[in-house]
Each structure stands twice: as structure tokens, then as C-alpha cells.
Amino acid sequence: MRTIAMTTTLCSAYVTVAETAHNANPVRRVVSLLQQMQTKIEQEAETDEKMMNKFECYCTKNAEKVNAQIEDEKTRIEALESDVETQKAARTQTISDLQQAKDDRKAAKQAIEEASAIREKEEADFKEESGDIKANLAALNKAIPAIEKGMAGSFLQAPAVVAQLQRIAQASMTASSADKDQLTAYLQQAAADQAGYAPASGEVVGILKTMRDEMQKNLDEITEQEETAKQSFAEMQVAKEKEIQAATRSIETKTEKAGELSVKITVTKNDLKETKQTLEDDTGYSIELDQSCKSKAKDYEEVKQMRAQELVAIA
């Protein structure tokens, strides 16, 4: 193509010279023609060089720009990938903490339920035991004055009273076997004889008073234990209620945080996907730009070499 253009130029110049200087010296005409051809080639070379310099500048600037973008995108991809992993780890930990808070709240509620059941049973046992002791104390408080006043016979005519006092005696932890036998014999004799069993009444009163003191002491002890148990349960319940409240707040906070992290992970993944696509596009453009610039440079060198050969031929 370049050869055809050069031939056309030579022909045109030859015709022009031939028409305007047909009467000139033949040698002069040829020299003039060659000089014109040389000037035209040099002008074209200068124009092409300027264009090529501009194109090389375009290639350099665009290559620098796209390469910088590619490096930024690679750095951003690394950062985004790290962010995704960090967010995933944070979400996993948050979900674990959330489950722990749920377990803690459940355990606290269960502890209250179990303690309440135990407390109810303890209270029922206390009421039953204390009721029995109070009934026994009431019986003793009636029997002792009656025996002291010599009225045991009439008082002990009721079989239920005798049976109750016998049970009290058998359940006593302080009365000896001899005391229990003596009391039983007295109760049986007094129940049969309204005049009472006077010879043993003083000793019997002492035995009954000892058993009464024992029962009162026992009642005081279990009453104190009941009050302590009630206080301990109340304190435990307050503490567990605080744990439940704290766990509930933690559940709400962790649930919200887990949701926020899920959204962040989705957004970061989308950003990562878009950045990877941009990197792929820019990498492709960089390759195309490099190939185009090299191709243009090669074409220019070929044209430049051809012009040099033309100038050598003209010279």
C-alpha cells in the first residue's frame, strides 16, 4: 500500500514538473522532481512521527491509569475477602453467644421452677410437722396442769387423749425407756381410776415437762430453719430473675447484631463480586490496549523503515 502511494506521488510530481518545465534542462527536471519527492516524504514522516508520539503518550497514560486501577482493585479484593471472613467469624460468635444467652435464661427459669417445687414441699412439710408439734404441745399444756392439780383421772378418760400422750412419749428423743414405761403405766392407771395415780404423778409431770421443752425447742429450730429457707429462696429467686433479665437483654442485642452482620456479609459479598468483575474487565482492557499499542508501534516502524529506504533511493 505504501509502495503504491509512493509510486503515485512520484508520478504526480513527474507530470507536474513535466508540464511546467518541459522546456527546462532534462537533468534539472529530474533533480527538481527528486527534491520535491524528498520534501514530501520528509513532511509525511514528520506528521506521522507527531501522530505516533501522541499515540504513544495515549498508550502510556492509559496503561498507567488502568494498571493503577488494577492494583487498587486487587488490594480492595483482598480487603473485602478479609472483611467477609471477619464478618462471618463475628456472626458465628454472635450466634454462639446468642444460643448461650438462651441457654442461660432457660437454666435460670428452670432453676426457679425446681427451687419453687422444693420450697413448696419444704413449706408443706414444715406446716405438717409444726402442726403436729403444736397439737402435741397443746395436749401437754393441758395434761400437765391437770395432773398437777390431781385431776388426771377425769382428764384422761378420753381414749384419744391417752393415745396422743402415748404417741408423744414413744416419739420422744430425750425420754428413756424407763420413763416411757412409767408414763405409759401411769396413763393406763389414771385412765382406769379417776382418782389418779398419785404416787407417780410428780415424776410423770417432770417427764411430761421435759418432753414439752424438747418439743418447744424442736419447734423453734424447724421454725428458724423455715425462715432461713424462705429467705434463701427469696434471695435466689431475685438473683435468678436478674439473670433472666440480663439474658433477655443479651438475646435481644445478639439477635439484632446477628441480623446486622448478615446484611453486612451480603453487601460485602456483592461488593466483592462487582470488584472482581471490574478487575476482569480492566485486565482485559489492559491486554487489548497493550496489543493495540504494540501493533501500532510495529506498523509505524515498518512505515518508518520504508520511508528511509525511499529517501536512500532518492538520494
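Taking N as the number of residues in region 44-146, what is its alpha-carbon radius of gyration divided by 2.2 N^0.38 Å? Walk me through the intermediate numbers first.
Values: Rg = 43.6 Å, N = 103, 2.2 N^0.38 = 12.8 Å.
Here the answer is 3.41, to two decimals.
Which pairs in the list K127/K149; K61/K264; K254/K276; K54/K276; K54/K304; K50/K276 are over 28 Å apart, alpha-carbon to alpha-carbon? If you can, show how the numbers build up before the last one.
Working: K127/K149 33 Å; K61/K264 37 Å; K254/K276 32 Å; K54/K276 32 Å; K54/K304 16 Å; K50/K276 38 Å.
Over 28 Å apart, Cα to Cα: K127/K149; K61/K264; K254/K276; K54/K276; K50/K276.
The list [x] 6, 23, 30, 22, 12, 5, 2, 0, 0; [y] 5, 13, 9, 8, 7, 7, 6, 6, 6, 5, 5, 4, 4, 4, 4, 3, 2, 1, 0; [z] 5, 24, 34, 26, 9, 1, 0 gives values of P(r) over Cα pairs in 10 Å bins from 0, in percent, and only one came from this structure; which label was calculated from it?
Evaluating P(r) over Cα pairs in 10 Å bins from 0, in percent on these atoms matches [y].
Quick check: with the 1.4 Å probe, what order do V303, V30 take by accessible area, largest first?
On the way: V303 45, V30 80 Å².
Most to least solvent-accessible, the answer reads V30, V303.
Express in Å², to the nearest 10, the accessible area of I41 obtained by rolling a 1.4 Å probe over the protein heavy atoms while all chains stay in place.
10 Å²
Could you give the angle, 0 to 90 degrees to the nearest 10, between helix 2-20's Cα long axis and the longest principal axis of the Cα atoms of the chain?
Tilt relative to the chain: about 30 degrees.
Can you check what the net charge comes to around N53, using other residues whose Cβ is under 13 Å from the Cβ of N53 (Lys, Arg +1; Asp, Glu -1)? Mind showing how you got there, number by number?
Details: positive: K50, K54, K61, K296, K304; negative: E46, D48, E49, E56.
After counting each charged neighbour, the total is +1.
What are the trypsin sites (Lys or Arg not before Pro) within region 205-266 that DSSP puts in a loop, where the Cβ has at most 12 other Cβ atoms within 10 Å? Can you show the working numbers first?
Details: sites: K209, R212, K217, K230, K240, K242, R249, K254, K257, K264; in loops: none.
Qualifying residues, ordered by number: none.
Where does the chain land at 222 nm, in deg cm²/dmol rounded to the nearest 500, when only DSSP H runs of n ≥ 4 count, each adding -39500 (n - 2.57), divided by all residues? Intermediate values should be presented prior to the final figure.
Working: 6 runs with 292 residues, N = 315.
For the chain, the value works out to -34500 deg cm²/dmol.
Using 7 Å Cα-to-Cβ label points, what is the Q170/K106 separation (nm, one decimal)?
Distance between label points: 5.1 nm.
Using a 1.4 Å probe over the heavy atoms of the protein chains, calculate the carbon and sulfur portion of the accessible area of region 223-277 as a whole percent. Let's see the in-between values first.
Numbers: 1970 of 3780 Å².
It is 52 percent, rounded to a whole number.
Round to the nearest 10 and report in Å² the accessible area of R91, as given by a 1.4 Å probe over the protein chains' heavy atoms.
90 Å²
In Å, what Kirkwood hydrodynamic radius results for region 243-315 from the alpha-carbon pair distances? The partial results should precede the final answer.
On the way: mean 1/r = 0.0551 Å⁻¹.
Computed over Cα pairs of region 243-315, the Kirkwood hydrodynamic radius comes out at 18.1 Å.
Can you tell me the accessible area per residue over the chain, all protein chains present, probe 1.4 angstrom, in square angstrom? Present the calculation step by step, with values, prior to reporting the outcome.
Values: 20540 Å² over 315 residues.
About 65 Å² of surface per residue is accessible.
As I understand it, the dipole of the chain uses +1 on the Cβ of Lys and Arg and -1 on the Cβ of Asp and Glu, about the Cα centre. Which of A107, Q216, Q38 lies farthest toward its positive end?
Q38
Between Q277 and Q43, what is the spin-label point distance in nm, taking each point 7 Å from the Cα along the Cα→C-beta axis?
5.3 nm
To the nearest 10 degrees, how steeply does helix 198-314 sit against the main Cα axis of the chain, on a 0 to 90 scale?
The two axes meet at around 0 degrees.
Please give the charge dipole size of the chain, origin at the Cα centre, charges +1 on K and R Cβ atoms and -1 on D and E Cβ atoms. Round to the nearest 20 debye. Intermediate values should be presented prior to the final figure.
Values: 42 positive and 56 negative charges, 207 e Å.
Roughly 1000 debye for the chain.
Can you tell me how much longer the chain between A63 and E122 gets when fully stretched, taken as 0.36 nm per residue apart minus their C-alpha distance, in nm with one decimal?
12.6 nm
Pull out the extension gain between E235 and D97, defined as 0.36 nm times the separation in residues minus the alpha carbon to alpha carbon distance; nm, one decimal. Working shown, then result.
Values: separation 138, 0.36 × 138 = 49.68 nm, distance 2.70 nm.
Gain on stretching E235 to D97: 47.0 nm.
Ordering T94, T184, T228 by how much accessible area each has at a 1.4 Å probe, largest first, what is the list?
On the way: T94 5, T184 35, T228 80 Å².
In descending accessible area the options line up as T228, T184, T94.
Between A89 and E221, what FRET efficiency comes out of the Förster formula 1/(1 + (r/R0)^6) with R0 = 45 Å and r the beta carbon distance, rounded to 0.05? Could you put the intermediate results ahead of the total?
Working: r = 58 Å, r/R0 = 1.29.
That gives a FRET efficiency of 0.20.
Does anything in region 249-286 have its amide N under 15 Å from the 7 Å Cα→Cβ label point of S295, and if so which residues?
Residues passing the 15 Å test: 285-286.
Check cross-link reach from K240 to the lysines: straight Cα distance under 17 Å, and skip same-chain residues fewer than eight apart.
Candidates past the 8-residue exclusion: K102, K106, K109, K230.
Which part of region 275-304 falls in the paramagnetic zone of F55, meaning amide N under 19 Å from the point 7 Å along Cα-to-beta-carbon?
Backbone N within reach: 286-304.
The values are calculated or read from the model by the stated rules, or taken from the named source; none is laboratory data. Quantities reported herein were computed from a predicted structural model and do not represent experimental measurements. For neighbour counting, all protein chains shown are included, and Cβ atoms are generated from backbone atoms with ideal geometry for every residue, glycine included. Heavy atoms of the whole protein, side chains included, go into the accessibility calculation; ligands, DNA and RNA do not. Shrake-Rupley method; radii C 1.70, N 1.55, O 1.52, S 1.80 Å.
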